[in-house]
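Structure first, then comments.
The values are calculated or read from the model by the stated rules, or taken from the named source; none is laboratory data. As the structure is a computational prediction, the values presented were derived from the model and not from experiment. Here the Cβ is made from the backbone with ideal geometry for all residues, glycine too, and neighbour counts use every protein chain on show.
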Amino acid sequence: MEMSKKIFITGCAKSGTTLLLRMCYAFKNTEVLYREGFDGLEITLDNFISYKPQEKFTIGKRHPPVILSCAVGPWPGIDSQELDRQYNIIKQQEIGIINIVRDGRDVILSDNNFVKPQRWIDSIKQKDIYSDIINVEVFYEDLVTEPLVIQRKIESVFGIQSKASFEDYPEYVPDCVYDWNIITISSVVKGNEAGYGKRRLSTEGILRFPQAYKDICNTQERGEFESSLKKMKYGL
């Protein structure tokens, strides 16, 4: 078999990385790294690089802390030296990157404020700094409203073919993948496990409480947060 093309999904937590990974079961000749042994579904960049592929295409989802996905700073962040190391690996290994972005107001409201504002802010900053390694940029809002458009974009960029349509999600996704959701396993949101089950695409939740970020961000974060929202063309 010719060398597998490896594609890595990045993006801030609660931006749709898990959804996109599951949707990738629509592609032919593709190994989706979503099973026991990868923290349910996530894999570090280094482990992704060393993974021995079984198919023409291999798609995995980032395990933070990783470039384009985390706050910069002490744990649970990542420092600039490590960011540059990962950047150079991606360049040298010609790893494909699909980076997904979502309105930060929805991100920090998800799962009882699981994601802190600075993490989303820094993820957006990294998107600009390391833009040359991003092969496909996906907006979560487009993924759930125009899934076929996103699918065609990924097909075109990577030369990948499909066996199912994103519009038919989740019918084509194996039931077993829902047994390995890291969020359900770790019970981050106890009592809401059913919310991560097999369900159709929905726009529910987008901009539920558009002003709530003001109570979540501190004074310094609020300015950066609003600036990032405007840069991403999300209205305030």
Within the group 208, 222, which residue is more than 20 Å from the chain's Cα centre (by Cα), charged (D, E, K, R) and at pLDDT below 85?
-> 208
Could you look through region 187-205, keep only residues that are more than 16 Å from residue 113 (Cα to Cα) and surrounded by 12 or more Cβ atoms within 10 Å (Cβ to Cβ), and pick out the one that is modelled with the lowest pLDDT?
-> 193
Within the bounds of region 97-106, is there any residue that is surrounded by 22 or more Cβ atoms within 10 Å (Cβ to Cβ), of a type in the set (A, V, I, L, M, F, W, C), in a loop (DSSP other than H, G, I, E, B) and at negative phi?
-> no
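I need the full set of residues from region 8-25 which are closer than 17 Å to residue 167 by Cβ and not small (Gly, Ala, Ser), in order please. Give the steps one after another, and end with the answer.
Taking region 8-25 as the starting set, the residues that turn out to be closer than 17 Å to residue 167 by Cβ are 16, 19-20, 22-25.
Within region 8-25, 19, 20, 22, 23, 24, 25 meet the criteria.
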Just give me the residues in region 69-114 being under 19 Å from residue 33 (Cα atoms) and of a type in the set (A, V, I, L, M), in sequence order.
-> 90, 95, 97, 98, 100
Looking at (1) under 19 Å from residue 128 (Cβ atoms); (2) surrounded by fewer than 18 Cβ atoms within 10 Å (Cβ to Cβ); (3) not polar (S, T, N, Q), can you tell me which one residue 94 breaks?
-> (1)
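Residue by residue, here is whether (1) closer than 28 Å to residue 128 by Cβ; (2) surrounded by fewer than 17 Cβ atoms within 10 Å (Cβ to Cβ); (3) at pLDDT 95 or above holds:
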| residue | (1), (2), (3) |
| --- | --- |
| 44 | yes, no, no |
| 52 | no, yes, no |
| 60 | yes, no, yes |
| 69 | yes, no, yes |
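Would you check if there is a residue in region 80-88 being within 16 Å of the chain's Cα centre (by Cα) and either more than 30 Å from residue 56 (Cα to Cα) or assigned to a helix (DSSP H, G or I) (or both)?
In the first step, residues of region 80-88 are kept if they are within 16 Å of the chain's Cα centre (by Cα); the result is none.
Taking every residue of region 80-88 in turn, none turns out to be within 16 Å of the chain's Cα centre (by Cα) and either more than 30 Å from residue 56 (Cα to Cα) or assigned to a helix (DSSP H, G or I) (or both).
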Out of contact with any Phe, Trp or Tyr (no Cβ under 6 Å at 6 or more places or on another chain), in a loop (DSSP other than H, G, I, E, B), charged (D, E, K, R) and surrounded by 17 or more Cβ atoms within 10 Å (Cβ to Cβ), is that true of residue 14?
-> yes
Answer from 138, 149, 173 - the residue that is under 28 Å from residue 199 (Cα atoms), among the hydrophobic types (A, V, I, L, M, F, W, C) and in a helix (DSSP H, G or I) = 149
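Taking the stated definitions as given, is residue 15 among the small types (Gly, Ala, Ser), farther than 20 Å from residue 134 by Cα and under 16 Å from the mean Cα position of the chain (by Cα)? Steps first, answer last, please.
Numbers: among the small types (Gly, Ala, Ser): yes; farther than 20 Å from residue 134 by Cα: no; under 16 Å from the mean Cα position of the chain (by Cα): yes.
Answer is no for this residue.
May I ask you to list the residues in region 65-96 that are among the hydrophobic types (A, V, I, L, M, F, W, C), out of contact with any Phe, Trp or Tyr (no Cβ under 8 Å at 6 or more places or on another chain), touching a residue at least 24 places away in the same chain (Cβ under 8 Å) and within 14 Å of residue 125 (Cα to Cα)? Please lay out each step first, then the result.
So in region 65-96, the residues among the hydrophobic types (A, V, I, L, M, F, W, C) come out as 66-68, 70-72, 75, 78, 83, 89-90, 95.
From the residues that got through so far, the ones that are out of contact with any Phe, Trp or Tyr (no Cβ under 8 Å at 6 or more places or on another chain) too are 66, 70-72, 75, 78, 89.
Remaining after also requiring touching a residue at least 24 places away in the same chain (Cβ under 8 Å): 66, 70-72, 89.
Selection gives 66, 70, 71, 72.
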